[in-house]
1. Could you count how many residues in region 11-35 are at negative phi and surrounded by fewer than 15 Cβ atoms within 10 Å (Cβ to Cβ)?
2. I'd like the full set of residues that are in contact (Cβ under 8 Å) with a residue 12 or more places away in the chain and more than 19 Å from residue 76 (Cβ to Cβ), limited to region 9-34.
3. Identify the single condition in (1) modelled with pLDDT of 95 or more; (2) surrounded by 17 or more Cβ atoms within 10 Å (Cβ to Cβ); (3) touching an Asp or Glu at 6+ places or on another chain (Cβ under 9 Å) that residue 95 does not satisfy, given that it satisfies every other one.
4. Out of 48, 83, 88, 59, I need the residue that is over 12 Å from residue 7 (Cα atoms) and modelled with pLDDT of 95 or more. Which one?
5. Enumerate the pairs (first residue in region 50-79 and closer than 9 Å to residue 35 by Cα; second residue anywhere and of a type in the set (Gly, Ala, Ser) and surrounded by 14 or more Cβ atoms within 10 Å (Cβ to Cβ)) with beta-carbon separation below 6 Å, excluding pairs fewer than 6 apart on the same chain, so at least 6 apart or on different chains.
Amino acid sequence: MRVALHSVVRAGAERQYEAEHERIPDDLVAAFARVGIWNWTIWRSGSDLFHIVDCEDFDAAMRELQDDPANVRWQARIGPFVDRFVSDAGDGAPHPIGQVWELTTQRSQS
C-alpha cells in the first residue's frame, strides 16, 4: 500500500530537519524493514512536509514502531523540529491524507 502524510516543520527548523534526514540511523532503517515499510520519501515546501510511505500495512507498522527502541530514539531526536502532522483526525498524529486522483487507476478503468 502507499499512503501520503502531511506534517509541518517548526518555523526556523527547516534546515536542521533536512540535515537530520541526510542519513537516518541504520537501526531505524532496519526497524522499518522489520515492520514492512519499503520506502519513505519526504518533500518540503516552505514549512510543509509531504511524505509518501510504501508499506505492507501502515497502521500495523505504526503500532509496531511505537515502542521500538530505534524509533523511540529517532522521535526524541527529530520531534523538536516537527510542529505537527496534519490530517482530518485533527489530533496531530500521523494519519494518511485522502487520495484525490491517480493516473494509473484511471487508466486501468478505461
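1. Result for region 11-35: 15.
2. 11, 14, 34 - these are the residues of region 9-34 that are in contact (Cβ under 8 Å) with a residue 12 or more places away in the chain and more than 19 Å from residue 76 (Cβ to Cβ).
3. In the conditions (1) modelled with pLDDT of 95 or more; (2) surrounded by 17 or more Cβ atoms within 10 Å (Cβ to Cβ); (3) touching an Asp or Glu at 6+ places or on another chain (Cβ under 9 Å), residue 95 misses (1) alone.
4. From the options 48, 83, 88, 59, the qualifying one is 59.
5. Matching pairs, first to second residue: 55/36; 55/61; 56/36; 61/36.
The values are calculated or read from the model by the stated rules, or taken from the named source; none is laboratory data. In this text, all values refer to a predicted model and were calculated from it rather than measured experimentally. Cβ sites come from the backbone with ideal geometry, for glycine too, and all protein chains shown count toward neighbours.
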